[in-house]
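K.L.:
Sharing a structure, written as structure tokens. Questions coming.
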Amino acid sequence: MDHEQHEPTPAELRALVAEAEVLEERILNVRARLRASDDAGDTAFRLTDAAENLRRATEALEMTASDLARTRTARDPGLCSVPWGVCPAHGNTLRSTGGRSWCTDLGCSRSWGYDRLAMTCGEPVTHTVTDAAGSSFLACRGHAMDAEKRLEGGTVTPLPSVTS
Ligand SMILES: [Zn+2]
Ligand SMILES: [Zn+2]
């Protein structure tokens, strides 16, 4: 482990989320087994608290990952800062449940082990999106595709550095 000197990444925090979830499940498993015991069942009562504390830790870690992703994206003008996620190839096609996300496009097998929909996008920007009133922002390919479908009277233009 040599990443102690570096700023943690959202991925690192999401790895901690996964570990906390596993630990919570193990505690609940031990609690269930203790409760099944004839004379040791009474020792299980603190484990409900222990599991709840881990649930809170998981939520705090998830929120931290999401805040950090937003901060990192805002810092880097080359990253899309739309506050919800897309499939990089298909745009507004994601579904999320139980802390997982996947693309619903039939030809797409992309999935993510976190709630990508609730996270700041963070994909590289490829297009300028300008609305009918003339205000514009930079967006990734997925968000540009989505904007193209919904914008009325606006334009979606590839950045000069992106030709395809
Ligand atoms: Zn997709
Ligand atoms: Zn985006």
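The values are calculated or read from the model by the stated rules, or taken from the named source; none is laboratory data. It should be emphasised that the depicted structure is a prediction, and the values quoted were computed from it without experimental measurement. Glycine gets a Cβ as well: all are built from the backbone with ideal geometry, and neighbour counts include every protein chain shown.
K.L.:
With the requirement that a residue be surrounded by 13 or more Cβ atoms within 10 Å (Cβ to Cβ) and more than 35 Å from the chain's Cα centre (by Cα), what does region 26-40 give you?
P.N.:
Residues satisfying the conditions are 34, 35.
K.L.:
Determine which member of the set 52, 62, 21 is surrounded by fewer than 15 Cβ atoms within 10 Å (Cβ to Cβ) and of a type outside the set (A, V, I, L, M).
P.N.:
On the way: 62 fails: surrounded by fewer than 15 Cβ atoms within 10 Å (Cβ to Cβ); 21 fails: surrounded by fewer than 15 Cβ atoms within 10 Å (Cβ to Cβ).
On inspection, the qualifying residue turns out to be 52.
K.L.:
Looking at residue 134 and the list (1) more than 16 Å from ligand 1 (Cβ to nearest atom); (2) under 22 Å from residue 18 (Cβ atoms); (3) outside the structural domain of residue 14 (by TED's automatic domain parsing), which single condition is not satisfied?
P.N.:
(2)
K.L.:
Could I ask something else about it? Mind checking which pairs have a first residue in region 94-123 that is touching a residue at least 40 places away in the same chain (Cβ under 8 Å) and within 15 Å of ligand 1 (Cβ to nearest atom) and a second that is among the aromatic types (Phe, Trp, Tyr) and part of a loop (DSSP other than H, G, I, E, B), Cβ under 9 Å, 6 or more apart or different chains?
P.N.:
121/84
K.L.:
Determine the pairs where a residue that is more than 18 Å from residue 80 (Cα to Cα), located within region 132-161, has a partner that is outside any loop (DSSP other than H, G, I, E, B) and within 13 Å of ligand 2 (Cβ to nearest atom) with Cβ atoms under 6 Å apart, the partner being 6 or more residues away or on another chain.
P.N.:
Partner pairs satisfying both residue conditions: none exist.
K.L.:
What strands (runs of 3 or more DSSP E) completely inside region 46-164 contain at least 1 residues that are over 30 Å from residue 34 (Cβ atoms) and within 13 Å of ligand 2 (Cβ to nearest atom)?
P.N.:
Ranges flagged: 94-97, 127-130, 136-139, 155-158.
K.L.:
Here is a check on your reading of the model: is residue 39 without any contact (Cβ under 8 Å) to a residue 60 or more places away in the chain and within 25 Å of residue 139 (Cβ to Cβ)? If you could, list the steps in order and put the result at the bottom.
P.N.:
On the way: without any contact (Cβ under 8 Å) to a residue 60 or more places away in the chain: yes; within 25 Å of residue 139 (Cβ to Cβ): no.
So residue 39 does not fit the description; no.
K.L.:
Looking at this structure, is residue 95 among the basic types (Lys, Arg) and farther than 22 Å from residue 148 by Cα?
P.N.:
Details: among the basic types (Lys, Arg): yes; farther than 22 Å from residue 148 by Cα: no.
No; evaluated as a whole, the condition is false for this residue.
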